[in-house]
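Right, one structure below, let's go through it.
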Amino acid sequence: MSILIAIDQGTTSTRTVAFDKDLNIIHSEQKEYPLIYPNDGWVEIAPEELMSSVYATIDPVIEACSDISAIGITNQRETTLVWDADSGEPIYNAIVWQDRRTAEQCMQLKKAGHEEAIKNATGLLLDPYFSSTKISWILDNVDGARKRAEAGKLRFGTVDTYLLWQLTHGEIYKTDVTNASRTNLYNIHLKEWDSELLKIFNIPRSMLPEVQSSDSNYGTLVRGNKTIQISGVIGDQQSALVGQRCFQSGQMKATFGTGCFLMVNTGDESLLSTSGLLNTLGYGLSGKVSYALEGSIFSAGTIIQWLRDNMEFFQDSAESINLLDTRGESNGVLFVPGFTGIGAPHWNAEIRASFYGITRDSTKKDMVTAAFKSLIYQVMDIKEALKVDGIQIKNLSIDGGMAANSGFCQLLADFLGQEVQVPSSLESTAIGAAITAGLGAHFFSMNNLQNNQLSNATIYQPREKVFDPNDLTEWRKFLRVLLDAYN
């Protein structure tokens, strides 16, 4: 049996999954690790914890499987690491994509008039979300870092690059086009690191990895007595796009994980959004690069974790369905989940989470329902932004941990007023990495994948007269008040 292995390196855990030739899961291991919050809005990962989770999951999977054809890596994207070029030792913790410490730097760059050049080259906004200002912060705040970087002694990578370096003992220093496109340093039209952007962010070119297609040869991994080809690297949200088989222009997916990310394939067309969405590279597969528009919501699964761990409303995330009103009634309670700012299409790094409308009659159920609705309302805002950019959503295919909550899926269909599809396997991100590696190893062909559409999806149809538009109007008023307060 030929096997494909996917390393799915996420924000709070690593999962390694083995698939057979039909992309059925035959073995899976997962290891969680803690995030670090040194200051308000700061989010970090200890690199040794990250790598420990990778080894703890990949080794038992490789040991359990024979006849492994290839490995693919998919990863949390904008998270930033900088390490010594000789020893491979990180000089600071990984700064996570959610981290907002560089908000002031971004504001200064905007005032200096750089935002338009950045947006035109990268398709992205000038925001702490992306890697560029994270790199600058490390160089300016770690003793001696800038001097070492200018001497060619430091390397930068998103998590994929760091894993490749560590897993190959420094032999491979590469990234793929999707991860490069999330740094704010990569010109998505010219397909190269942009010299003007490197100057704006004051980052030496020597720090940056070689960029390849997602399904390229990324060297070999040696674990125990097995040598395995690494033939796929792709950012996690783009991987879910591939895993959901969104290969045609106009096809769309939404992944509800730590955050929520809606992405629509725009094919050969690079669309510059006028409504606060991101223009990014969807994938580089079989010699073709496809573009995508993306709406990023910073908090999704983290909302449920917060309700569970901090508020102690329930002991297990699966129990949240018992506190979710089936018709979305929250008794006037509203919630804005700005734990680390608010993403598309509003983009405010300073806003913080808030409840509004709590009275003596408010209950845990009201607050949990309001929290779930806040996520749905953000999806509705992104839907409106896509409409402004000329894209009409006809149906939505979703994956990720929250897609297992049937009550949430039904409310999403109700509030959007359209069909929501949930595939039989919610592991779209890992499947996408396996597909990418399979293409790189010539295990699959793109034609076969395009003709082999997803099946056995659960379909949620919107119910009549469930959603009251006044609820969304009130939520938007509340959000506007907060946005104005933090501007």
Breaking point among (1) β-branched (Val, Ile, Thr); (2) crowded, with 17+ Cβ neighbours inside 10 Å; (3) more than 23 Å from Val264 (Cβ to Cβ); (4) modelled with pLDDT of 90 or more, for Val379: (3)
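Let's see how each residue does on (1) out of contact with any strand residue (DSSP E or B) (no Cβ under 8 Å at 6 or more places or on another chain); (2) outside any loop (DSSP other than H, G, I, E, B); (3) of a type in the set (Ser, Thr, Tyr):
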{"position": "Ala433", "(1), (2), (3)": "no, yes, no"}
{"position": "His442", "(1), (2), (3)": "yes, no, no"}
{"position": "Leu449", "(1), (2), (3)": "yes, yes, no"}
{"position": "Arg463", "(1), (2), (3)": "yes, no, no"}
{"position": "Val466", "(1), (2), (3)": "yes, no, no"}
{"position": "Asn470", "(1), (2), (3)": "yes, yes, no"}
{"position": "Glu474", "(1), (2), (3)": "no, yes, no"}
{"position": "Leu483", "(1), (2), (3)": "no, yes, no"}
For Thr302, indicate whether it is in contact (Cβ under 8 Å) with a residue 24 or more places away in the chain, outside any helix (DSSP H, G or I) and not small (Gly, Ala, Ser). no
Do you know which residues across segment 1-37 are assigned to a loop (DSSP other than H, G, I, E, B) and within 20 Å of Gly259 (Cα to Cα)? Gly10, Thr11, Thr12, Tyr33, Pro34, Leu35, Tyr37
Identify, from the list Ile393, Ile358, the residue that is part of a loop (DSSP other than H, G, I, E, B), in the same structural domain as Glu464 (by TED's automatic domain parsing), touching a strand residue (DSSP E or B) at 6+ places or on another chain (Cβ under 7 Å) and surrounded by fewer than 22 Cβ atoms within 10 Å (Cβ to Cβ). Ile393
From the set of residues in segment 106-130 that are assigned to a helix (DSSP H, G or I), of a type outside the set (S, T, N, Q) and touching a residue at least 24 places away in the same chain (Cβ under 8 Å), which is nearest to His189 (Cα to Cα)? Ala121
Based on what the data block shows, is Phe372 modelled with pLDDT under 90, assigned by TED's automatic domain parsing to the domain that holds Gln461 and within 22 Å of the chain's Cα centre (by Cα)? no
Tell me, please, whether a residue that is of a type outside the set (Lys, Arg), modelled with pLDDT of 90 or more, closer than 30 Å to Glu419 by Cα and crowded, with 21+ Cβ neighbours inside 10 Å can be found in segment 207-214. no
Among Ile435, Ile459, which is surrounded by fewer than 17 Cβ atoms within 10 Å (Cβ to Cβ) and under 30 Å from Ser28 (Cα atoms)? Ile459
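The values are calculated or read from the model by the stated rules, or taken from the named source; none is laboratory data. Note that this is a predicted model, so its numbers are computed, not measured. In this analysis, Cβ positions are derived from the backbone assuming ideal geometry, glycine residues included, and neighbour counts consider all displayed protein chains.
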